Amino acid sequence: MVERPNKPSSLVATPGLPPQPTVSFSDDNSLVTATLPTGESITVLLYGATVISWKDSSSSEKLWLSSAAKLDGSKPVRGGIPLVFPVFGPPPSDHAQTSSLPQHGFARTSRWEFLGKSTSESSGNQQTGDLSVKLDFGLSSAAGGLDPKGKEAWGYKFNLIYSVTLNRRDLTTSLVVTNDDERVFDCQVLMHTYLRVNDITNVSISGLDNSSYIDKVDAASTKTQSGEIRIEGETDRVYTADGPVTVSEGGKTLYTVTRDNLSNVVVWNPWIEKAQGMGDFEPKDGYKEMLCVEPGSVGGWQTLEKGDAFEGAQTITLGA
């Protein structure tokens with residue numbers, strides 16, 4: 001982002017028009033916040049282009065963020081929606097292109113550029129302010145904010161465009177990956193979404209019945225889901241499935257997650273022991289109030305030829 005000594009405190013609509021979404025920046029230009037006229041808001045940290053807050057019109061937070069999360073660029077953010085690219089998890093030693101990368105790659109440890117905002121009216125009702133706002137962010141191999149260790153370890157020319165769109169009842173995040181290199185490269189992408197819940201023991205996840213999954217807490221064995229999912233211990237599963245995933249609590253739908261061109265979804269909760277062992281996971285009983293439902297393309301590799309692009313997206317809708 002270009003530093004401006006006399007930057008405006010927010011970007012607003014032309015006077016005389018109906019109320020419009022506003023976009024504001026923190027004093028140090030590290031955070032971008034978009035707010036709809038009806039009160040819904042999102043906040044994105046330029047470090048990692050990490051969505052760290054999503055609130056409804058009553059200011060109820062929908063994303064879980066560790067109270068010990070580092071927001072100063074010193075390490076990946078624990079919570080919100082970190083971005084995984086170009087490799088998911090610990091890099092496989094037998095995949096030469098990514099074997100030297102840190103876990104989950106470098107998108108979440110690079111400073112992205114804010115490219116701008118756009119707004120649209122979804123219903124034509126100007127009085128209710130039923131608008132949406134989209135924030136665009138960019139990261140490329142030529143960007144000054146690219147994690148230097150990641151750049152050295154990977155070395156391919158690429159361009160990423162990440163869009164975060166806020167509507168009154170849903171949040172959409174989409175990522176476009178373009179190969180700007182002369183060489184072919186492989187990549188994986190994932191949106192590591194931490195959803196906030198009230199009590200994980202009352203939560204159920206549906207939409208994955210009969211789906212195959214890799215159980216990472218059981219020696220990466222392959223299993224088939226039977227019925228809805230209940231979190232009763234450490235859970236780390238990579239599902240391959242189509243269709244929406246619904247998160248309910250006490251029989252009430254909290255979130256419905258739909259995916260576009262993302263064939264996998266990770267369901268994760270650290271539970272008691274693992275939460276205790278993570279220094280940036282606070283409070284230690286915070287596992288009771290969070291559930292990760294992570295859309296991605298991580299079951300294999302997306303192979304991109306020169307000039308090819310891959311796009312994937314998720315939409316999280318509130319309520320039924």
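The values are calculated or read from the model by the stated rules, or taken from the named source; none is laboratory data. In this text, all values refer to a predicted model and were calculated from it rather than measured experimentally. Cβ atoms come from the backbone with ideal geometry, glycine included; neighbour counts cover every protein chain shown. The area values use the complete protein model at the heavy-atom level, side chains included, leaving out ligands, DNA and RNA. Shrake-Rupley method; radii C 1.70, N 1.55, O 1.52, S 1.80 Å.
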If you scale each eigenvalue of the Cα gyration tensor by 5 and take the root, what three semi-axes come out for the range 33-91, rounded to whole angstrom and sorted largest first?
24, 12, 10
Scan [x] 20.3; [y] 21.0; [z] 21.5 for the value of Kirkwood radius over Cα pairs in Å calculated from this model and give just the label.
[x]
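Leaving out ligands and nucleic acids, note down the accessible area per residue over the range 84-185 with a 1.4 angstrom probe, in whole Å².
It amounts to 44 Å² per residue over the range 84-185.
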Between residue 209 and residue 240, how many nm apart are label points set 7 Å from Cα along the C-beta direction?
2.2
Apply the Karplus parameterisation 6.51 cos²θ - 1.76 cosθ + 1.60, with θ equal to phi minus 60°, to every residue of the range 217-231 and state each ³J(HN,Hα) to the nearest whole Hz, in sequence, with x for glycine and proline.
9, 10, 6, 6, 6, 8, 9, 10, 5, 10, x, 6, 9, 10, 8
Table column - 3J(HN,Hα) (Hz), the range 37-45, Karplus curve with 6.51, -1.76, 1.60, x for Gly and Pro
x, 8, x, 5, 8, 9, 10, 10, 8
Nearest 0.05, what FRET efficiency do residue 218 and residue 74 give at R0 = 30 Å with Cβ-Cβ as r?
0.35
With DNA, RNA and ligands ignored, accessible area of residue 301 (1.4 Å probe; Å², nearest 10):
80
Of the listed pairs 117/151; 216/288; 151/223; 62/216; 117/288; 252/284, which have alpha-carbon separations greater than 32 Å here?
151/223; 117/288
How do 149, 157 rank by accessible surface area computed with a 1.4 Å probe, from largest to smallest?
149, 157
Under 10 Å, Cα contacts only: if you run a Gaussian network model on the chain, which one of 118, 206, 41 comes out with the highest mean-square fluctuation?
118
Cut-off 12 Å, label 7 Å out along Cα→Cβ of residue 198, residues of the range 47-80 by amide N
none
Accessible surface of the chain, 1.4 Å probe, proportion on carbon and sulfur as whole %
45
Report the FRET efficiency, 1/(1 + (r/R0)^6), for residue 260 and residue 29, where r is their Cβ-Cβ distance and R0 is 30 Å, rounded to 0.05.
0.45
